[in-house]
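Asker: Take this structure, written in structure tokens, and hold onto it; I'll ask about it next.
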Amino acid sequence: MPRKPTAEEKLRELIKSRLMSFKTNADYQDRPSWDEGFMLAAYESATRASCLHIKTGCVIVRDKRIIAAGYNGAPSGIETCLTRGCRKDLLEIAQGTKGTGNCRGAHAEINAMDQIARKDLQGTVLYSVMFPCSHCARSIVGNEISEVVYSIIYKEPDSLTRDLFSEKGVKLRKYHPDILKQFIRLMRVHNQRYSKDFSE
């Protein structure tokens, strides 16, 4: 019996067939919108996360420029869960249990905001892969960030987050990027090294 292709192999074949349908660079010239580009940057940041269970990232934007990026994981100078193991697992605490104070990691939003002075955060837009928890929402409100754009809700959204944002006037909206389309764009950029017509 022939071996079944892996999910990665199927994806590679799909991308290859899509790329081969473009005869020239002019056939595929669309660019990501600003929202898509910034949310994709948040997803890219999430790939650096050092949590064993959840990977998330965010970027902070001012005047269409990313001024900070963050991902969830242990603070600088602290051993990560990737090398030492998950503290919740070791203590047999259910992963869905929030607010126990047993996680070594900081959330992506906090890690990003910690890079910027408060005065420079005022009026910015925060793009986050995950809907912010109430702990992060308090910092977002306190730093006077004007808008939060998220892609995924992890479990039930924290109603306190919505309440805080509404009271402060922080705009909240959902945006989900087309990751497959972006992967094709990236492959197109990569392949131009070899051939303008993607023949290789």
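Asker: Given labels modelled 7 Å from the Cα in the Cβ direction, how far is it in nm from K174 to S76?
Answerer: 3.6 nm
Asker: Hey, another quick one. Counting only the heavy atoms of the protein chains, how much of S76 is accessible to a 1.4 Å probe, in Å² to the nearest 10?
Answerer: 120 Å²
The values are calculated or read from the model by the stated rules, or taken from the named source; none is laboratory data. All of these numbers come straight from a predicted model, not from anything done at the bench. Glycine gets a Cβ as well: all are built from the backbone with ideal geometry, and neighbour counts include every protein chain shown. Just the protein is used for accessible areas: all its heavy atoms, side chains included, with ligands, DNA and RNA removed. Shrake-Rupley method; radii C 1.70, N 1.55, O 1.52, S 1.80 Å.
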